[in-house]
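J.: Just dropping this structure here.
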Amino acid sequence: MNIDEAYQYCQNIANKQGPHFSVGFRFLPKPKRKAIFAVYAFCRYADDIVDERQSQPIDLLLKEWEDELYRCYRQEPSHPISIALADAICKYPIPIEGFLGLISGCKMDCTINRYPTYEALLVYCDKVATTIRDLSLPIFGYRNPVAYEYGQALSTALQLTNILRDVGEDLDRGRIYLPLDEIASCGYSEADLLARVKNGAFLKLVQFQSDRIRALFRESSKLLSLVDADARLALSLMRKVYIALIDQIDARPFDILDRSIRLSSFQKARIVLWEMLLSL
C-alpha cells in the first residue's frame, strides 16, 4: 500500500467510526488533515482492540499494536495505519509518548471497570484523552506552551462527553465510568445504574456531570486563539459538535441509559454552516 492509499485508509476509519470527532478535520489544510486522520486511526484501532470481541487475548493484541508503533517510529511500518503515521511523524513533531499513554489507558480497560472517585477517573482520562493535547497540538500548530493547559481541558471534556454519551453501551460491556462516589452523592446507586432506573436521582447525576463538562469546554475556548490560524475552524467545530452532544443529553437524559447519543447529519451540517459564517 502506498502513502496515498494508507492515508485514505485512515480517513475512511475516521469518517466511519468518528463521525463527531472528525467533523472539523476536513477544514484543515491537506497536510494537517492527513496527519490528524493517521493519528485518529491509530488511536481508534487501539480502542477497538479493547471494545470489540477478539479471537486473541487483548493484552497480546495491544502489545502487538505497541510493537507496530515502535516500528512506525523506526520508519519500518507494516500496517496501513502505521504507514500513514510514519509519513506524518516525518512532517510534524508528534511524540510517541502520547500513543504509549493511550495504549496504557486501553490496558486499564482490561482490568478496571469501576472508578471510585473523579480523581481516579482522571488518571484514566489523562491516558486515553491524550489525542487532542499531546498528539494533535503539534499538528494544529501553536507557539505558546500554555496551549497544553487548555488542550488538557478540551481533551478531558471530550472524553467525559464520550463517557456520559455511552453510559448504556458501557453497561452492556460491564463497565461503569461515572465515579461511584458521585453516583451515591446524587442519591443513585450502582445497582440502580445496572438496572437502568430512570428517576430524579439519575437526572441529578447527569446534570452534575453535564455541568462539569460544560465548565471544561468553557475553559478550552482559550485554546482557539493559541493554535495556528488554519486550524482554528477545525478545532472550533470539534468543540461545538461535542457541546451539541451535551445539549442533546441535557434535553433527553434518560436516553443515554438505552442508547448512545448521536447527532444527525443535519445537526452537524447546521453547526458547520454556522461556524463558517462566524469565521467570515
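J.: Relative to the first principal axis of the alpha-carbon coordinates of the chain, what is the inclination of helix 58-73, with its axis defined by its Cα atoms, in degrees from 0 to 90 and to the nearest 10?
T.: Long axis of 58-73 versus the principal axis of the chain: about 30 degrees.
J.: Add +1 for every Lys or Arg and -1 for every Asp or Glu among the other residues with Cβ under 9 Å from the Cβ of residue 86, and state the total.
T.: Values: positive: 71, 74; negative: 76, 87.
Charge balance in the 9 Å sphere: 0.
J.: Among the lysines, select those whose C-alpha is under 27 Å from the C-alpha of residue 127, and discard any that sit fewer than 8 residues away in the same chain.
T.: Reachable lysines: 16, 32, 34, 63, 91, 107, 222, 240.
J.: For the chain, which whole percent of the accessible surface, found with a 1.4 angstrom probe, sits on carbon and sulfur atoms? Don't skip to the end; give the middle numbers.
T.: Numbers: 6690 of 12480 Å².
With neighbouring chains kept in place, the figure for the chain is 54 percent.
J.: If we count every other residue with Cβ under 15 angstrom of residue 269's Cβ, Lys/Arg +1 and Asp/Glu -1, where does the sum land?
T.: Values: positive: 26, 240, 262, 268, 270; negative: 275.
Taking every Cβ under 15 Å from that of residue 269, the sum is +4.
J.: At 1.4 Å probe radius, can you tell me the per residue accessible area of the chain in Å²?
T.: Details: 12480 Å² over 280 residues.
Per-residue accessible area for the chain comes out at 45 Å².
J.: Further question: Which aspartates and glutamates, on any chain, are close to residue 204 with Cα under 14 Å apart, when same-chain ones fewer than 8 places away are left out?
T.: 181, 182, 192, 250
J.: While we're on this one: How large is the charge dipole for the chain, taken about the Cα centre, if only the Cβ atoms of Lys, Arg (+1) and Asp, Glu (-1) carry charge, to the nearest 20 debye? Write down the numbers at each step before the final one.
T.: Working: 35 positive and 36 negative charges, 201 e Å.
That gives a dipole near 960 debye.
J.: With a ≥ b ≥ c taken as the square roots of the eigenvalues of the C-alpha gyration tensor of the stretch 45-98, please select rounded if a/c is under 1.5 and otherwise prolate if a/b is larger than b/c or oblate if it is not?
T.: Details: a/c = 2.35, a/b = 2.15, b/c = 1.09.
Because a/c hits 1.5 or more and a/b exceeds b/c, the stretch 45-98 counts as prolate.
J.: Summing +1 for each Lys or Arg and -1 for each Asp or Glu, what net charge is found among the other residues whose Cβ lies under 9 Å from the Cβ of residue 23? Walk me through the numbers before you get to the answer.
T.: Details: positive: 26, 240, 268; negative: none.
Once all neighbours under 9 Å are counted, the net charge is +3.
The values are calculated or read from the model by the stated rules, or taken from the named source; none is laboratory data. Predicted, not measured: the structure shown is a model, and the values here were computed from it. Note that each Cβ is placed from the backbone with ideal geometry, even for glycine, and that neighbours are counted across all protein chains shown. Note: areas computed on protein heavy atoms with side chains; ligands, DNA, RNA excluded. Shrake-Rupley method; radii C 1.70, N 1.55, O 1.52, S 1.80 Å.
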